[in-house]
Amino acid sequence: MTRTADGSAGDADYGAIGRGYTTYRQPDPRILAAVLSAFGDAQTIVNVGAGAGSYEPVDRDVTAVEPSASMRAQRPPMLAPAVDATAEALPFPDGTFDAALASFTVHQWADLEAGLREMRRVTRGRVVILTCDPDSLDRFWLAQYAPEVVATEAARYPTIARIADGLGGRVETVRIPIPLDCTDGFGEAYYGRPEALLDPGARLANSAWSFVGEEVEDRFTRELADDLANGMWDARWGHLRTSPEFDGSLRVVIGHPGS
């Protein structure tokens with residue numbers, strides 16, 4: 001498996017794009033509540049592709065795995081240091097953990113099926129995947145301004161069916177509504193705050209933007225800024241500014257054991 005100088009093992013180089021990640025990507029407590037509920041009574045958890053620790057429980061025994069040095073360095077002091085390893089080769093014996101977590105990471109793995117097999121191998125109980133459904137990404141107005149970004153995300157995110165097949169057994173999928181004041185700045189979190197996506201840092205914290213050219217970003221910022229100034233964005237999507245939730249692509253996929 002090829003890894004960058006930073007250690008990133010997926011398709012995005014977090015040594016280049018991850019430096020200010022935690023400024024924009026803070027775990028949202030409502031999304032965290034959905035993740036915690038999915039764990040049931042599990043006490044020992046492996047967090048695969050843990051990044052800077054988003055959605056990592058602080059009230060349970062967590063072992064984090066993260067190949068990117070840049071992301072490991074951004075983990076807050078209250079969290080344990082992450083193990084330098086990849087999803088496809090977890091350095092733990094079979095059945096080590098009660099449960100496993102992978103949040104906003106499966107779309108970046110070099111071998112999805114291998115990573116899911118490894119999560120199941122080292123886990124006695126539930127495998128919890130926080131991800132986005134690529135078939136629902138076009139609900140977000142960004143598809144009108146930067147279709148290349150949405151197409152890139154849709155091509156990178158595995159379908160829910162593929163994740164379920166990789167987990168095997170009984171799999172449950174839960175739709176997670178995105179709150180208007182979501183503190184985790186993934187793309188759809190800005191559904192009612194379009195001005196925020198004019199900030200280059202907000203876009204940089206979403207890896208899909210690193211796969212499109214500068215001309216796409218330049219066109220996006222120019223057209224969105226113009227439509228915000230002339231009222232066209234609000235004429236089409238202004239109702240989203242006060243909509244408390246957005247039914248977008250966010251999903252929790254739960255793989256149950258032994259079934």
Being in contact (Cβ under 8 Å) with a residue 40 or more places away in the chain, closer than 20 Å to PHE39 by Cα and surrounded by 18 or more Cβ atoms within 10 Å (Cβ to Cβ), is that true of even one residue in region 136-152? no
Only unsatisfied item for TYR190, checking (1) among the hydroxyl-bearing types (Ser, Thr, Tyr); (2) over 30 Å from ARG124 (Cβ atoms); (3) in contact with a helix residue (DSSP H, G or I) (Cβ under 6 Å, 6 or more places away or on another chain); (4) surrounded by fewer than 19 Cβ atoms within 10 Å (Cβ to Cβ), is (4)
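Let's see how each residue does on (1) more than 19 Å from the chain's Cα centre (by Cα); (2) surrounded by fewer than 19 Cβ atoms within 10 Å (Cβ to Cβ); (3) farther than 25 Å from ARG25 by Cα; (4) of a type outside the set (Gly, Ala, Ser):
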| position | (1), (2), (3), (4) |
| --- | --- |
| SER68 | no, no, no, no |
| MET71 | no, no, no, yes |
| PRO81 | yes, yes, no, yes |
| GLY95 | yes, yes, yes, no |
| ALA100 | no, no, no, no |
| GLN108 | no, no, no, yes |
| GLU113 | no, yes, yes, yes |
| ARG121 | yes, yes, yes, yes |
| ARG126 | no, no, yes, yes |
Enumerated strands (runs of 3 or more DSSP E) restricted to region 32-137, each holding at least 3 residues that are at pLDDT 95 or above and farther than 23 Å from LEU250 by Cα: 61-65
Filter region 202-237 for residues that are buried (at least 18 other Cβ atoms within 10 Å of the Cβ) and charged (D, E, K, R); the one that is modelled with the highest pLDDT is ASP227
GLU172 outside any helix (DSSP H, G or I), exposed (fewer than 14 other Cβ atoms within 10 Å of the Cβ) and modelled with pLDDT of 95 or more: yes
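Condition check ((1) among the charged types (D, E, K, R); (2) surrounded by fewer than 22 Cβ atoms within 10 Å (Cβ to Cβ); (3) under 21 Å from THR131 (Cα atoms); (4) free of Cβ contacts under 8 Å to residues at least 60 places away in the same chain) across all residues:
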| site | (1), (2), (3), (4) |
| --- | --- |
| LEU36 | no, yes, yes, yes |
| ALA52 | no, no, yes, yes |
| VAL62 | no, yes, yes, yes |
| VAL65 | no, no, yes, yes |
| PRO76 | no, yes, no, yes |
| ASP84 | yes, yes, no, no |
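For every residue, the table says whether it meets (1) assigned to a helix (DSSP H, G or I); (2) more than 15 Å from the chain's Cα centre (by Cα).
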| position | (1), (2) |
| --- | --- |
| CYS182 | no, no |
| ALA196 | yes, yes |
| TRP209 | yes, no |
| GLU217 | yes, yes |
| PHE220 | yes, yes |
| ASP226 | yes, yes |
| LEU240 | yes, yes |
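The values are calculated or read from the model by the stated rules, or taken from the named source; none is laboratory data. Small disclaimer: the values here were computed from a predicted structure and weren't measured. Using ideal geometry, Cβ is built from the backbone for each residue, glycine included, and neighbour counts are taken over all protein chains shown.
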